[in-house]
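To keep things clear, I will list the structure first and then write my remarks on it.
The values are calculated or read from the model by the stated rules, or taken from the named source; none is laboratory data. Because the structure is a prediction, the values reported are computed rather than measured. As a convention, Cβ positions derive from the backbone with ideal geometry for all residues, glycine included, and neighbour counts pool all protein chains shown. Ligands, DNA and RNA are excluded from the accessible area calculation, which covers all protein heavy atoms including side chains. Shrake-Rupley method; radii C 1.70, N 1.55, O 1.52, S 1.80 Å.
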Amino acid sequence: MSKFMKTKFRETAVQHLTLPAHGSLTRPHFLEQLECYLNKELEALDTDDPKIQELKLQVYQEVFGYLIEEFKTYKPIFSSIKREYDITLACLREQIRDLLPLRAKLVLVTEQCEKRVLDLMIQERDEIRALKQECQRLQRIIESSRGQQCALQIQVDRLKEDLAIQYELYRDERDARKLLITKYSMMHSTQDTEHGDTKEDTESEDPVLVKMALQVCREDLTKAQVELNRMQAEYGDVVPRRDWENLNCLYEETLGKLKNLQADFDQMKSEYDTLLEVHRQSEVLHSNQAIMQRSLTPRPKWEHCSDIIVGNERCGILFEGQSSQNKLEILLQQMNRQDEFFLGLGFSDYVPIFLRYEGKFKNLKLKKADVVRVIKDTWKDKTADNEKNDDCVDLKVFFHNYLVDQYKEKAGEWAYSLMERINNNLNDDLFCLFNDILTGKVDESIYHGQTQLQSHLLKVLIRSDTTECGSLTVLEFGEALKAAFPLKSDQDIQELLTVAQTQLESNGARIAYQTLYTEDTDGKHKTFLSLVKSQATAERLQYINELRVQLEGKGTVNAKHLRTAFKTIDPSLDSETLDWNLRIAFQTKAHELKDIDVNTEVVLQRLSVANVKRAGPK
C-alpha cells in the first residue's frame, strides 16, 4: 500500500469508525476503503500462480495489520491473536514439509508393490496358459489314442471271427483229405490182393496224390501271406500299451502341477487383496491423522530450541524438569544473550578470505538446518568444480566465492553468522570436519575419502542384492561387507554387522541396507555409517603409526626415504597413489621432490590429517 493510502486511512479512521449520531446504518468510509483496497489487491493476483493462496493470505495480513495500527486501544490483543496465528501457520507448514516426503515415499512403495504384483501375475498367467495348452494337447493325444485303441479292438474282434471261420474250413478240409487218403489206401490194398499183377498201375497213380497235396499247401501259403500283409497294414500305427501308460502318467503329473499353481495363484491373489485393504486402511488412517492434527492445538517442540541454545546437550540440561512457562523464560534469556551484530575483522592476511570485511554485520541467528544446507551445497559445488578443473581451488577461496555468488551484498552477514553457528556446534561431525578443513587443520581429501568410502559400500550392497528387493539376509550382508572391506578384520566386520542389526532392530531377519544411509533432521548419519567412518579413521592412524615405526631414528626424511618406507609397509601401493602421498607429505609438486629434506614429525603430521590409507594387505 502506498504512503498516500496509509496517510489517507489515518486521516479518515477516527472520523468514520463510529456510526452517525442519528443512528443511520451508513458504512464507515474507512471500512469501504479497506474493502476497496482488498478487492483491488486480490484482483491483481495471478490465479494461475501455484502459491496463490499464500499471496491472498499475505494481502489479508496487510489489511489486518493496517486495521491493528488504526485501533490503538485493541492493538495488543489483535497483535497477540495475529502472532499466535502466524506461529500456528508456521508449525503447520513445517509439518506439511515433513509429511510431503513420506507421502511421496508411500506412493513410491505402493507403485513398486503394485508393479511387482502385476509382474508376478503376468508371469504366472503365462505359465498357466502354457500349462493349459500342454494339458489340452495331451488330452487330445489321449483321446486320439483311445479312439485308435477302440478301432484296433474292433479289428481284433473281427479278425478273431475270421480266423475261427477259416480254422473251421481248414479243419473240414483236413478231415476230408484224411478220409480221401484212407479210402484210397483201402482201395489200393484191395486191388493188391485181388490183382497182384496191377502193382505198376497203382504206383503210377501216386504222383496224382502228391500233386493234390502240393496244390493245397500252396493255396494255404498264399492265404497266410495275404492275411499277414493285411495285419501289418492295419496294426502298423498302433501305439503300444506301455507308451500309452507313460503318456497317462505324464498327464496326471502335469494336472497335479496345474492344481498346485492354481492354489499358489489363489493364495497370492488373497495376499494381494489383503495388501490392498491394508493400504486403503493406512490411507484412511493417514487422512484421519491429518484431520486430527489440523483440529488439535499444536504443542511446542522444545527440541527445536537447540538452534538458539547452543547444542542439544545444553538444551537438554537447561530444560530438564522445567515447566513450559519456565522453558519459555529460559529461551528468552538465551535469545537476549546472543549478540545482535558482529564486528568485521578487517582485511589483514591472517584473517580468512571469507571473513575479510569491515563494519558491523547483523547476526542472522541461523538455524542448524540452514547451516547444514549451506555446507552440503558447498561440498556439492566444490566436488563438481574439482572434477572439471585439474588444479583444485582451496576450500577457503571457494567458500568465499560461493557466499558472494549466493548472497551478494549480504555475504558478510552470512559468513560471520555461519562461522558463529559452526563454532557453537563443533560436537557435530559434519560441522567439525568442515571447520577443520576451512582452518587448515585437516586436508580436504578426508571429506572426499569418507564420501567415496560410503559410495563404494552402497554399490557393493546393491550388487549383492540380486533380487533387487532393497534388503539382504544377515549372511549376504556379512559377505558384502567382506567384499567391500577386504582389509578389515573379522572382528571389525562382526562389529559393523551387529551395529547394523541394532540400528534397524532386525533381530536376525533381513537387513534393509538402504535405510542405513538415512540422516536425521540435523543431517547427521546414524550409528552404522558413523562406525564405518570411525573404523576408517582408526585404520588410517594405525597405518601412519606403522610408517612412524619404519622411519624411527631419522630426524629428517627425503622423498627417497619416504618412498622406500611406504613400499616396505604397503607393497601393493601403486605409483600414482604413492606420488600423491609424497606431494601431501612435502607440500610440493612431483618434480620438486628430489632435493627436499623435512622433519620426520612434520611429514607424519601432514600425512595423518590427509586421506592416506593402506592399499593392500601387509
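Overview of results
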read-out	value
Assigned charges on the beta-carbon of Lys, Arg, Asp, Glu; region 492-557 dipole about Cα centre (debye)	160
Accessible area per residue, Å², region 471-618 with all protein chains present, probe 1.4 Å	54
Number of Lys pairs (Cα under 15 Å; 8 or more positions apart or on different chains) in region 478-612	4
Qualifying GluC sites (Glu not before Pro) for region 528-618 [loop in DSSP, other Cβ within 10 Å: at most 13]	Glu552
Qualifying GluC sites (Glu not before Pro) in region 411-483, DSSP loop, other Cβ atoms within 10 Å at most 10	Glu468
Eligible lysines near Lys51 by straight Cα distance, threshold 28 Å, same-chain separation 8 or greater	Lys3, Lys6, Lys40, Lys82, Lys105, Lys301, Lys365, Lys367, Lys368, Lys376, Lys408, Lys410
Chymotrypsin sites (Phe, Trp or Tyr not before Pro) lying in DSSP loop within region 57-98, provided at most 14 other Cβ fall within 10 Å	Phe71, Tyr74
Portion, in percent, of the accessible area of region 471-618 that falls on carbon or sulfur, probe 1.4 Å	50
Pairs of Cα atoms farther than 19 Å apart, region 502-583, %	57
Residue-normalised accessible area of region 28-171, given per residue in Å² at a 1.4 Å probe	75
